[in-house]
Amino acid sequence: MSNSDYQVPNVWRDNDDLGGTWSSINRPSAGARYQAELPKGKHPLQLYSMGTPNGQKVTIMLEELLALGIKGAEYDAHLISIAKGEQFSSGFVNVNPNSKIPALLDTSAEQPVRVFESGHILFYLAEKFSQFLSDNPAVRIEQMNWLFWLQGSAPYVGGGFGHFYSYAPKPIEYAINRFTMETKRQLDLLDKQCAQHLFIAGDEYSIADIAIWPWYGALVLGELYDAAEFLDVKSYPHLLRWAQKIAARAAVKRGRIVNRTWSEPHLAERHDGDDFNALNL
């Protein structure tokens, strides 16, 4: 252990003075912290989210479905400010007991259905509307392979590399090196996959691309953690080609800015397709 001043205790105790961007909301306990109802919009699909990479997955999927003319995919996207701890309201916890964005409430059935975990929401929508998930069993399995890969791999980028590179109160060489190594391994894996295929899971745009692009596409395009130069993303030309191709899609341009309150353009909440008009999207 590089820090000789630190001794691992026999039993861990919470230290509420850890510092860093998210220290004020992190606690070692689950459940609601205050009572508040969630807002409700006019559409059957009610999304409660924020425009982080995980949030973007769902809004991109919904915008792609709408671009295909699927009216049932109309949705209200309500902003949940995770910095303010709004994911710990009693209303949000009722939709997602894990208190993580995004969370979806589908009111189109007699009994509303809650769907949480971003990968599961993508799968739910893909099955509900029979889009972006192939009917061919072999192709479908490959698409699901990469969807599950993303769900297992992205935490190394977000909670690992991103946290220690961008958010930790002070740089820790061991942590940055460890998670940079794994992030670059993942980028190399995706680059090799994109060298063989037009899209991630083959030659068909799918749920896999929608899931992976907000993390790895944004990362190599320099739009996540301001780390493109540090990660030498030019050494992944096939992945860059894929990232640029996905970024150019009209539905991606719209979906990626929903529930975002930073950078331009952004759309804090989305309740109708006309909400994009002022943004020329």
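Gly202 meets all of the listed conditions (1) modelled with pLDDT of 95 or more; (2) touching a Pro at 6+ places or on another chain (Cβ under 6 Å) but one, namely (2). The residue that is farthest from the chain's Cα centre (by Cα), among those in segment 265-281 that are surrounded by fewer than 16 Cβ atoms within 10 Å (Cβ to Cβ) and within 18 Å of Pro53 (Cβ to Cβ), is Pro265.
In segment 174-186, the qualifying residues are those that are in contact with a helix residue (DSSP H, G or I) (Cβ under 6 Å, 6 or more places away or on another chain) and farther than 13 Å from His163 by Cα, and the one that is surrounded by the most Cβ atoms within 10 Å (Cβ to Cβ) is Gln186. Checking segment 160-174 against the condition returns no match, with no residue being of a type in the set (A, V, I, L, M) and either touching a Cys at 6+ places or on another chain (Cβ under 7 Å) or closer than 18 Å to Ala228 by Cβ (or both). When you scan segment 138-148, do you find a residue that is among the β-branched types (Val, Ile, Thr), more than 20 Å from the chain's Cα centre (by Cα) and in a strand (DSSP E or B), even just one? Within segment 138-148, not a single residue is among the β-branched types (Val, Ile, Thr), more than 20 Å from the chain's Cα centre (by Cα) and in a strand (DSSP E or B).
Going through (1) at pLDDT below 95; (2) assigned by TED's automatic domain parsing to the domain that holds Trp149 one by one, Ser263 falls short only on (2).
The values are calculated or read from the model by the stated rules, or taken from the named source; none is laboratory data. Model, not experiment: these values are computed from the prediction. A quick note on method: Cβ atoms are made from the backbone with ideal geometry, for glycine too, and the neighbour counts reach across all protein chains shown.
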